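See below for the structure under consideration.
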Amino acid sequence: MSNFKFRSLCVASLLTASCGPTEMPSSGTPPRTAGPTKTAGDGDASTETTFDLSKCGFDKSKPGVNFASRRLAITPIPMTVTSVLLGGLFSKTDNVVINGLAILEDSMTRSVSTFSGTVTPVVDSQDVKPILAKLSSGFAADILEPTLREKLGETNEDWKGVYCSFQPAIKLERGALNRVTVDLDKPLPISPSAVSNLVRLKSELGSKRSWKGITAKVTSSIDPSVVVGTVWTGSATAEPVPATVAIDGVAGQVSVAAELAVKLTYDFGSAEANKALGLPQSIIWYIDTATKGYKLIQIDFGDGVPLNYLPSL
């Protein structure tokens, strides 16, 4: 059994809503009920002029506290591969299954996940290696310092009105294998919140959001194909997509229906650049705010074969 690890990311915030009290009648006037007192969770983010991250459930006095911990299992990937034996003199065909488990954790300052994957039966095959390479190409992210995050919309137009729904990353770290670290001159959006108020999420997301002109500079690398000092400039977009989907597994199709699905797409000029940075082409997060979790995560590295992660029992 072979084990492979990678880091990826996820995000969490907690929002609440309250209603205003009933006002006492004044002389000569009938009683009336005050309108709802909106919190940041229910309000339209685009109308806010001031903001405090405590409204997102962040405790600035405890920046290291995990705000999310999710166990996700990759849906089994059945494959038929050819194993080369005895120096290539003979070969045989095997039916194999790739499985894995991810544990996602998030705090105010860092988003990290760990992953272990197995191939059963164990084979040494060129067919399996591309899948295993995808599983080891994830990343971790350092998040913008909380006080600066509160004012981010004042200094960056692309982040205006985005307070709780996305983590703003300022540094990326690619995987445990061929580790590469990257500094960003502008914050890059990472995963959407799984525990935010649904109204808040939809308000901040709108029909589509874009973050442009983000410069990524490689600051350290043990990957010979990624040179320290290399710079790419790219963008990210976020948009809602259909929240119902059917995916294939070994036992047949699995249907997923979420409250909201958000697709994050990254473009740093080429699939090779995205890969060097540890970024996939896109990630779709199927969000269930009722259980404060993800029903499904689909990661597409640009080859048209997304990896599907489902909650693990």
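Nothing in this text is a laboratory measurement; each read-out follows from the coordinates by a stated rule. Note that this is a predicted model, so its numbers are computed, not measured. A quick note on method: Cβ atoms are made from the backbone with ideal geometry, for glycine too, and the neighbour counts reach across all protein chains shown.
Relative contact order, percent, of the range 36-311 when contacts are C-alpha pairs under 8 Å separated by at least 6 residues?
16 percent
Would you list the P(r) distribution for the range 187-313, with all Cα-Cα distances sorted into 5 Å bins from 0 and each bin expressed as a whole %?
Final binned percentages: 2, 10, 18, 20, 17, 14, 10, 7, 2, 0.
Between I74 and residues 5 or more places away or on another chain, which pairs have amide H atoms under 5 Å apart, with H built 1.01 Å from N, and which residues are they?
Under 5 Å from the amide H of I74: G100, L101, A102, L310.
What is the set of long-range amide H partners of A68 at a cut-off below 5 Å, with H atoms built 1.01 Å from backbone N?
D106
On full extension of the chain, what length is gained from M79 through Q253, given 0.36 nm per residue of separation minus the C-alpha to C-alpha distance?
61.0 nm
Can you list the residues of the range 149-173 with backbone N under 15 Å from a point 7 Å past the Cα of D183, pointing along Cα to Cβ?
170-173
Can you compute 3J(HN,Hα) from phi for each residue in the range 163-168, using the Karplus curve 6.51 cos²θ - 1.76 cosθ + 1.60 with θ = phi - 60°, rounded to whole Hz and x for Gly and Pro?
10, 10, 7, 9, 7, x
Please list, in order along the range 252-267, the HN-Hα scalar couplings obtained from phi with the Karplus expression 6.51 cos²θ - 1.76 cosθ + 1.60 (θ = phi - 60°), rounded to whole Hz, x for Gly and Pro.
Listing the rounded values in order: x, 6, 10, 9, 10, 10, 10, 6, 7, 10, 10, 9, 9, 10, 10, 9 Hz.
Going 7 Å from the Cα of V97 along its beta-carbon direction, which residues of the range 117-133 have the amide nitrogen within less than 11 Å of the resulting point?
Under 11 Å, as judged by backbone N against the label point of V97, lie 120-121 of the range 117-133.
Once phi is turned into θ = phi - 60°, what whole-Hz ³J(HN,Hα) does the Karplus curve with 6.51, -1.76 and 1.60 give for every residue of the range 272-277, x standing for Gly and Pro?
Rounded to whole hertz, the list is 5, 5, 4, 5, 4, 7.
Hey, can you grab everything whose amide H is under 5 Å from the amide H of S125? Only 5+ residues off in sequence or another chain; H modelled, so Pro and N-termini drop out.
The list, which skips near neighbours in sequence, is empty: none.
For the range 256-293, which chymotrypsin sites (Phe, Trp or Tyr not before Pro) pass both filters: DSSP loop (anything but H, G, I, E, B) and at most 16 other C-beta atoms within 10 Å?
none
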